[in-house]
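The structure under discussion appears below in the form of structure tokens.
The values are calculated or read from the model by the stated rules, or taken from the named source; none is laboratory data. It should be emphasised that the depicted structure is a prediction, and the values quoted were computed from it without experimental measurement. All Cβ positions, even for glycine, are placed from backbone atoms using ideal geometry, and neighbour counts span all protein chains on display.
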Amino acid sequence: MAFTLGAAALCVCLTPLLRAFLPILINGLFLSFFMAPVSSFADNSTMLTLGEKREHFGRVRLGGTIGFALMAAVAGIVVQNTGLRAAFWIAGSLYVLGLLISLTFDHGTPAANPGPNPGAGSLLRDPRWIIFLGIAFAGGVALTTVNNYLFPLMNELGAKESVMGIALTVGSVLEFPALFFSNRLIRLFKPYGLFLLSMVFTAARLLLLGWNTSPDLILLIQLLNGLSFPLMITAGVAYAHDRAPAGFTASAQGIFSATVFGVGCAAGGFLGGPLLETLGGRGLFLACGIIVSAILAAGALVGWLLPQARASDRRASEPA
């Protein structure tokens, strides 16, 4: 994690010094390459550090929401007054700060595995894990749809720029209590159950955004964000940690993260543009809502039809 953060900091700080497209493109590819596993390493480190209190992951993850909210405002003011390059210097400095903090982490000693280790490949042969990844893929599609096309939808409905800014803030309101009390929700619904519930709210949010015709009602619909994306990530990280074979928790987190933020987000961005041009903003959100609902329903049905997991496998559905 320290190595990838250091490499990412170097790439970010190089960006404002570059002047031609090709060097910027190559630098951007390296930045994406090194940043891709950082969140997986951080999630895995957090789970190991929490030990028997892994259900409190959401409270640690709350720091990301607070940091995003603070820097969104600060970065905007800084860029407006000093220019865009300052944003890269700030980001590089924060990556270095994260690097220095990561060097202080104590990851403990890996637990000895008393039996034969099936390895990370066993995850890809686990039908319940495949279903989980399929639903996580739908979560990535939904995430990109909202992040990339909410403003075009609001513009289509005639919303003012000030309302668009408020929509981002409102979307974060419920994230704070949802993440803070996620440990209780995990105890109540179990990791996989909470993951499915968060996807229900995700699908409902997309469908409501597509059905709605009032820009003001979008602010109310945005409250569902607190019950969708943050709970999906929190429950997904817990499930991936519990489902992974001994010694392969970081690999499980990486696969989960790549499915959501890599494949899922890429598919959402790739399909979103043509759908927006063809169907408009409301049609785009309705179509994505139907797609996510269909994947969720199919995954839940297939999972329900699968034979019950062996006792040794039930740890994936039990709270830490």
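Tabulated data
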{"item": "Single residue of Leu296, Leu286 found to be assigned by TED's automatic domain parsing to the domain that holds Pro191, closer than 17 Å to Met232 by Cα and modelled with pLDDT of 85 or more", "result": "Leu296"}
{"item": "Residue pairs meeting the criteria (Cβ under 8 Å; at least 6 apart or on separate chains; first of a type in the set (Val, Ile, Thr), in the range 23-39; second part of a helix (DSSP H, G or I))", "result": "Ile24/Thr15; Val38/Thr4; Val38/Leu5; Val38/Ala8"}
{"item": "Selection status of Gly6, in a helix (DSSP H, G or I), in contact with a helix residue (DSSP H, G or I) (Cβ under 9 Å, 6 or more places away or on another chain) and either modelled with pLDDT under 90 or closer than 21 Å to Phe256 by Cα (or both)", "result": "no"}
{"item": "Residue among Ser312, Ser317 that alone is of a type in the set (Gly, Ala, Ser), surrounded by fewer than 20 Cβ atoms within 10 Å (Cβ to Cβ), at pLDDT below 85 and in contact with a helix residue (DSSP H, G or I) (Cβ under 6 Å, 6 or more places away or on another chain)", "result": "Ser317"}
{"item": "Residue match in the range 29-52 (condition: at pLDDT 90 or above, surrounded by fewer than 13 Cβ atoms within 10 Å (Cβ to Cβ) and either part of a helix (DSSP H, G or I) or of a type in the set (A, V, I, L, M) (or both))", "result": "yes"}
{"item": "Qualifying position, being outside the structural domain of Leu62 (by TED's automatic domain parsing), on the phi > 0 side of the Ramachandran plot, assigned to a helix (DSSP H, G or I) and surrounded by fewer than 17 Cβ atoms within 10 Å (Cβ to Cβ), among Gly280, Gly273, Gly262", "result": "Gly280"}
